[in-house]
Structures are given as C-alpha cells and as structure tokens.
Amino acid sequence: MSADEQHPADTDWHRWAPIGQTLDTSGIPGSGPRASIAAFELLPLEPMLVPEKPRSGELDPSQCGHCRPANEHTIWQDDEWRVSGGMQGASGIPFIGAISPRRHVTLEDAPIEVLAGLGPILQRVSEAAKSIPAVARCHFSRWNDGSAHLHLWAYARPAGMMQGRGAILPYWEQALPAMPDAMMQEYLEIVAHALAAGGGEAFPAR
C-alpha cells in the first residue's frame with residue numbers, strides 16, 4: 001500500500017463506531033426517524049416571546065455553573081481557565097469539552113486580558129484533543145443562550161469522518177450512540193494531561 005493510499009482508520013474508537021449503520025436521528029429536533037442527518041427538516045417557526053427568560057447566572061452569579069469550584073466534570077484548570085468534559089455522560093464522538101474563564105464574564109464585558117488569553121487556550125485545547133488517537137480535527141462553537149458566562153465548546157472530529165466536517169458535527173454527536181464510559185474516561189484523561197503538560201492542573205477521571 002502506498003503512503004497516500006486511503007484505508008479504514010483503525011483506533012479503538014473507529015473499531016467501536018457503528019460504521020455502515022443508519023443512525024436513529026429521531027431524538028434530534030427537526031429530524032424524523034432514520035432521517036438523513038445532513039438534510040433534516042426544520043421545525044415550524046414558533047412565536048418569538050419577549051422578554052426572554054434570564055440565562056443561568058445572569059441575575060445571580062452565585063447560580064452560575066461555570067463559577068462553581070472544580071467538580072467531577074473538571075478535567076483541567078489553571079488560574080485563568082477551566083476545561084470540563086463528560087457533563088452529559090459518554091458522547092458519541094471522542095471528545096467534547098467546555099472552555100470557560102474562571103472569572104464570571106461575558107464575551108461583551110470580558111477584560112482585554114481574558115480576551116487575549118482566549119486564543120492560546122483554544123490552541124492548547126485543539127492540540128490536546130488531537131492527542132486522542134481517533135481524532136483528526138478539533139472544532140469550536142460558541143452558543144450564548146444557556147449561561148451568562150463566556151464559554152466555548154470543543155468538538156473533536158474523528159479521523160476520516162468526512163460526513164462530520166463543519167457545523168454538522170454536533171448533530172452527528174447527538175445521533176451516534178454513546179461510546180463506552182471507559183473509553184470516554186480514557187480520552188478525557190488524555191486531553192487533561194496534554195493540557196497539563198503546558199501548565200495548570202489535570203484532574204483525574206472520577
């Protein structure tokens with residue numbers, strides 16, 4: 001086989017993945033049973049009601065989940081940043097992580113030193129996620145509706161998964177079955193220790 005000849009990816013995650021199966025996407029909003037995940041049907045547009053309900057931590061920062069002390073989902077932190085994983089149990093993709101500053105700030109009011117630190121932490125998380133053998137790329141998303149605290153999500157795209165390129169990856173993550181918990185814990189530890197190699201503290205899987 002030549003060096004540039006393609007072949008099936010072979011890692012623990014790829015051997016586990018349900019390759020060749022049509023996934024059940026009925027649990028994803030707007031998708032019918034066995035629908036094509038790349039062409040799901042949008043739900044009817046609902047009435048838009050205002051004022052909107054406050055986000056977590058918006059009225060009372062003491063209720064902000066990102067501001068609480070390190071817990072079972074914290075995989076790494078330093079004085080300025082925290083990375084969490086496994087918040088909703090095992091995922092279908094190798095790694096999903098939440099990245100947030102330790103300070104209670106939003107994107108709109110974050111001081112310049114927090115904003116300046118955002119680029120380096122994204123770079124570190126991307127490289128750490130790619131330490132997982134199954135991972136080719138790390139994507140980042142920011143949604144601003146659940147918490148009044150600056151945070152971004154890291155999504156690790158499996159190697160060779162061309163169907164997962166771009167913004168569709170979070171939908172594939174919802175459709176894929178949950179990988180074994182032991183595999184998830186192993187991958188969280190890989191990311192945590194890769195981050196800690198550049199400073200900060202890795203938290204053991206719990």
**OP:** Would you mind getting me the FRET efficiency between Ser131 and Glu5? Use the beta-carbon distance for r and R0 = 25 Å, nearest 0.05.
**Re:** 0.45
Original post:
In nanometres, what is the gap between the two model label sites at Ala116 and Gln21, each 7 Å from Cα along Cα-to-Cβ?
Top reply: 5.0 nm
**OP:** Return the distance in nm (one decimal) between the two label points of a simple spin-label model at Asp60 and Glu80, each offset 7 Å from Cα along Cα→Cβ.
**Re:** 3.2 nm
Subject >> Spatial separation of Cα centroids for region 80-128 and region 170-206, in angstrom >> reply: 14 Å
Original post:
Using the Karplus equation 6.51 cos²θ - 1.76 cosθ + 1.60 (θ = phi - 60°), what ³J(HN,Hα) coupling, rounded to whole Hz, does each residue of region 117-130 give in order, writing x for Gly and Pro?
Top reply: x, 5, x, x, 6, 5, 4, 5, 5, 4, 5, 5, 4, 6
**OP:** Provide the solvent-accessible area of Tyr187, counting protein heavy atoms only and rolling a 1.4 Å probe, rounded to the nearest 10 Å².
**Re:** 10 Å²
Original post:
When the chain is treated as a GNM, springs tying every alpha-carbon pair under 10 Å, which of Ala178, Ala98, Ala167 comes out with the largest mean-square fluctuation?
Top reply: Ala167
**OP:** For every helix of n ≥ 4 consecutive DSSP H residues, a contribution of -39,500 (n - 2.57) applies; sum these over the chain, divide by its total residues, and give [θ] at 222 nm rounded to the nearest 500 deg cm²/dmol.
**Re:** -7000 deg cm²/dmol
Original post:
For region 133-146, what does the Karplus curve 6.51 cos²θ - 1.76 cosθ + 1.60, with θ = phi - 60°, yield as ³J(HN,Hα) per residue in whole Hz, taken in order and with x for Gly and Pro?
Top reply: x, 7, 9, 9, 9, 10, 9, 10, 9, 10, 10, 10, 10, x
Original post:
In a shell of Cβ-Cβ distance under 13 Å around Val125, excluding Val125 itself, what net charge do Lys and Arg (+1) and Asp and Glu (-1) give?
Top reply: +2
**OP:** Return the long-range amide H neighbours of Cys138 (sequence gap of 5 or more, or a different chain), with a cut-off of under 5 Å between placed amide H atoms.
**Re:** Arg157
Subject >> Tensor-based shape of region 57-155 (alpha-carbon gyration tensor, a/c under 1.5 rounded, otherwise prolate or oblate) >> reply: prolate
Original post:
With all protein chains present, how much of the accessible area of region 103-165 (probe radius 1.4 Å) comes from carbon and sulfur, to the nearest whole percent?
Top reply: 54 percent
**OP:** Tell me, for the chain, which Cys residues have no other cysteine's C-beta sitting closer than 4.7 Å.
**Re:** Cys138
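The values are calculated or read from the model by the stated rules, or taken from the named source; none is laboratory data. These figures come from a predicted structure and were not determined experimentally. Positions of Cβ are generated from backbone atoms using ideal geometry, with glycine treated the same way; all protein chains shown enter the neighbour counts. What goes into the accessible areas is simple: the full protein's heavy atoms, side chains included, and nothing from ligands, DNA or RNA. Shrake-Rupley method; radii C 1.70, N 1.55, O 1.52, S 1.80 Å.
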